[in-house]
Amino acid sequence: MFEAIGLGRDLVEEFFTGTTSRLGGVGLDELAAEAAARHAVAYPRNPLLLAHDLPGGGEYQWRREGEYHLFNPETVFKLQHATRNKRYEIFKQYTQAVDDRSAAWPRCRACSGATRTARTPIPIDGSSRSPPS
């Protein structure tokens, strides 16, 4: 269901066993160096050099004044609220918000030319299904 993006295969295999990682990426050494660098900015040896505005947490992190994200505080809240409280009507609001926004904004899947096709759904209730023809 998920794919690790930006993490090296060795790291994924050791800490996220079974997760797909087709692109590869950084390993533990790079992650440790990045964490140490961020820590040094947040907690300098000389307190007079304390940074009052720390840099953002990542390139893809949602920011109020940043670029548009399909998954933002509104959509994430609706999904969490719906699943925690088993509220299907809130889940429908979540899916509607994502569908409405995804139609207006390009996504990787949209860029790749992938389209939805009519397929027979696979039952999730444990009932048997006929093999594909």
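The values are calculated or read from the model by the stated rules, or taken from the named source; none is laboratory data. What you are looking at is a predicted structure, and each value in this text was computed from that prediction instead of being measured. A quick note on method: Cβ atoms are made from the backbone with ideal geometry, for glycine too, and the neighbour counts reach across all protein chains shown. Surface areas here come from the heavy atoms of the whole protein model, side chains and all, with no ligands, DNA or RNA. Shrake-Rupley method; radii C 1.70, N 1.55, O 1.52, S 1.80 Å.
When the stretch 19-36 is examined, which residues are found to be out of contact with any Gly (no Cβ under 8 Å at 6 or more places or on another chain) and at pLDDT below 90?
Passing the criteria: THR20, ARG22.
Among the numbered criteria (1) open to solvent by 70 Å² or more (accessible area, probe 1.4 Å); (2) in contact with a strand residue (DSSP E or B) (Cβ under 8 Å, 6 or more places away or on another chain), which one does HIS39 miss?
Condition not satisfied by HIS39: (2).
For the stretch 67-88: of the residues being touching a helix residue (DSSP H, G or I) at 6+ places or on another chain (Cβ under 8 Å), part of a helix (DSSP H, G or I) and among the charged types (D, E, K, R), which is surrounded by the most Cβ atoms within 10 Å (Cβ to Cβ)?
Across the stretch 67-88, the extreme among qualifying residues is LYS78.
Within the stretch 1-18, which residues are open to solvent by 50 Å² or more (accessible area, probe 1.4 Å) and either more than 16 Å from the chain's Cα centre (by Cα) or at pLDDT 90 or above (or both)?
ARG9, ASP10, GLU13, GLU14, PHE15, PHE16, THR17, GLY18
Restricted to the stretch 37-66, and to residues that are assigned to a helix (DSSP H, G or I) and of a type outside the set (A, V, I, L, M), which residue is modelled with the lowest pLDDT?
Looking only at the stretch 37-66, we keep the residues that are assigned to a helix (DSSP H, G or I), and these are 37-42, 47-49.
Pick out the ones that are also of a type outside the set (A, V, I, L, M) and you get 38-39, 47.
Working: ARG38: 87, HIS39: 89, PRO47: 82.
My answer is PRO47.
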